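Where a number appears in this text, it was derived from the coordinates with a stated rule and is not lab data. Since the model is a prediction, treat every value here as computed from it, not as a measurement. Counting neighbours? That spans all protein chains shown, and the Cβs are built from the backbone with ideal geometry, glycine included.
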Amino acid sequence: MASPTPQLNRLLARLSRRLTALIWLHGVSSALTTLALWTLFCFWADWFLHVPAPVRLLHLLVWLGAPLWLCYRELLQPLRRRPGAAGLAVLLERAHKGLDQLLVSAVELDCTGRDVRGRELVYRVRERAEARAAELELGGVLDRRGPRLRLATATLSLLVVGLVFSHNPALATIFANRLFGASTPWPQRTHLVVEIPVGTREAAPSTPTTTTTPTTLEPEAATAADSVLSLRVSRGTDVPVHISANGLVPEEVLLIFDSGERLTLGSGGADRFSTVLRAVQQDLSFRVYGGDDQDGQPLVSLTVLSPPDVVDLALVVQPPAYSGLPTELLFRGDTEVLAGSRLTVHARLTPPGSTGQLRLLPADDSLELLPSPFPKRSDGGPLPATLASSRTPDGGAPSASPDAPAETAVSAETAVSAEFLALSALRYRFELKAPDGMVDPDPGLFAVEVLEDRAPEIALLLPGRTEVELVPGGHLPLFLRVTDDFGLTELSWSAAPTDSDGTERPGQSLAPVPMEGMELTWGAGALLSSAALAKAGADVAGDGDGAPGTDGVDDAGSQGDALQPREGAVYLLTAEATDNREPRPGRGASIPLRVRITSPDEFLRRVQDRLAEARLATTGLVRLWNEKLTQLNSLEASAAGDSNRDSARAEFLAQALTGGRRVAGDARSLARDLAAIAQDVLYSGIDERGSSLMEAWHRTTGQPTGREFRPGPWRELATDLRAGSHGSPEFAGRLVELTELALIVSEEAAPTSVAALEAAVASADSADLRSTLAVAGQTQRAGIAALERLRTALAEWDNFQSVLTLTRDILNRQRNLIEHTRAFARDR
């Protein structure tokens, strides 16, 4: 029977088909999306985490069950709940407003059992529904965005899975096998390479041992024989461990030792992990883990062996021949030697058969250690010539001399040695290697301090100043003290004018004489005349006689005034010494002595000024000593007083002693000043009758050993002068007498007074105190009397010199007047 509403039925059938298609699209897309995403999750988890089989089984169950459950929930159930014709009509009416349930009524109304009027109404409804069904569209009835989105998600997920597995088909196969129960291992992504740059690789017994530096082993490529990396290292060695990560670099690497200790290493962003096992003392082993490299291979095993070492050490020091020092045998590593010494380092090594080299620092030179006998241990000291060198000229070991004493006979034990020349300070160490390949990880460092052979040192003893004045026709005493480490070969002096062109002038030789009681010290002296100085400064050819012996007097001035220096000239006199150092002798020079040539008148004026200063000093000393004597008299008077004033008396005694010492110091200074003036006048030649006195003084002083003031020769000279042994010199003799008066004060009265005051301070008895104070007062009064005589003599000298100066000025003026008169007469 034909349907009363064919158009409506066709419309509803089309809507039903579309609804069924959307349900299928929704359900299948949901299942496929879930399957794809779960597949990716299982692949990621198994790839990165290497999940065990039970977890993989769970993943498989979810992989199978989740899509089936989604198909049931999202496909089968929606298909079963699809609406009928009335429900489809409701969907159409919801999409198209204004139908007022027309389509639902047309579907649900039935004409059966109705009267005519009712049937007509049903027919009209159906007709109207048919008419509207022809006009309706299905475009907005169903929402297709959700199924389409699920389809796109499923397509994208499947595309990602396809790309991942197609890019790594081998990994996809392994994943599938592992997912379905197989135990196929994943390919390793992290490969750790162990590198140990020290030690010796242990080999099989039949394989010779070879040294591997550095020793590397890739655990993943290790065979069964290489699963253990055995190394031998010396005890105390710092063992660096470097681990390189190939492939995926882990954040950290773990070292697990056989003792259970763990050491975690961080990379710091690089693909290399490093650590140092400090001063390994015992055997140890460890494994390395990191990333997915968890097999712990290889097992790194370190076997600690005793390193080669020096068990005995000896040095043979052979100084340079010029020094005259004996060859020494020293049983120590550190030493001090003279520059140019030859050192032979002997060492006895353990274990037997060890070899090596001697490293010299800082030059970084290496010397091979050659077999050589080791000297027998003794107290050391000088060696006989037979053992002075540890090798024969051809490099072999010398045989022990039958005449060698027992304490220096060489031992038959095998040893090594090396020889070098010490020219500057250095350090040396032994770099040893044992027969089994072991090396000394921490070789000792020994020091050789080299003492330089210093150049000669020249001290100018006389004159005592660096600037002196010399009168034409006068003499300059030159006394030198030369010190050298080993010996002198030449000593000379030279002079040059200050306005010279710097040309080197030949030196005048001096004969050095060893000083008594002073080791490696020589003295030399000469009495240089002004003519000899001028001759040396002018570089006059000839032998010259400006360098006589210490006790001789130069007679170069007898050659005439042509060689006399001009007034106002200044010469620089320098002494030079050459020692016996080899191969290049050392040369030393004294401080230049500035010699100024002055006129006799100017010289006498300076002498007069110096004597005036001495007179002022004498007057001040007399005043000071009188004050101290007054205090001493008061103290002596109070010595018999009340004993309750002992504390105050002790303070006064201390003040008196301090004053006495001050007086003694001033007296010594005055005596030195007068002696210097007298010496300058003696050598100046101003006093024509003082030549004998000058020669006697030069012989009496002899060769001084220092710059200290010696009063003995002056007192001896004064005694001879009073005895008439040197004639009757005028100026010089008077100055010697003044010096003697000053010496009486400085060497007799003042020291005796100080000694008495010291005894008074130390005295505990009143009687002793009074006696010592009396002695001190007596000596001070005697000293003051001597000072008064000295002051009177200085005043007379000053008056006498004033008269002489005035007379000389009058004569000079008369001479000038006569010359002017003669010149005026010639002009007329």
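Spatial offset of the stretch 474-492 relative to the stretch 143-164 amounts to 113 Å, using the alpha carbon center of each. Look at the dipole of the stretch 602-814 built from charges on Cβ: of Gln608, Ala676, Ala776, the Cα furthest out on the positive end belongs to Gln608.
Normalised size of the stretch 6-179, defined as Cα radius of gyration per 2.2 N^0.38 Å with N residues, equals 1.58.
Shown for the stretch 261-377 is the translational diffusion coefficient from the Stokes-Einstein equation, using the Kirkwood radius over Cα pairs, a temperature of 10 °C and a viscosity of 1.306 mPa s: 82 µm²/s. Alpha carbon centre of the stretch 185-199 versus the stretch 650-715: separation in Å? Going from one Cα centre to the other spans 94 Å. Applying 1/(1 + (r/R0)^6) with R0 = 35 Å to the Cβ-Cβ distance of Arg377 and Asp238 gives a FRET efficiency near 0.55.
Using Cβ point charges alone (K and R +1, D and E -1), the dipole size of the stretch 6-179 about the Cα centre works out to roughly 80 debye. Here the stretch 602-814 is treated as an ellipsoid with the same Cα gyration tensor; its semi-axes, largest first and in whole Å, are 40, 19, 13.
For the stretch 585-715, build the charge dipole from Cβ charges (+1 Lys, Arg; -1 Asp, Glu) around the Cα centre, then report which of Trp714, Val595, Val622 sits farthest towards its positive end. Going by the charge dipole, the pick is Val595. The distance separating the Cα centre of the stretch 348-379 from that of the stretch 254-292 comes to 37 Å. One chain, two ends: Asp601 and Val90. Fully extended at 0.36 nm per residue, the span grows by 168.4 nm beyond their Cα-Cα distance.
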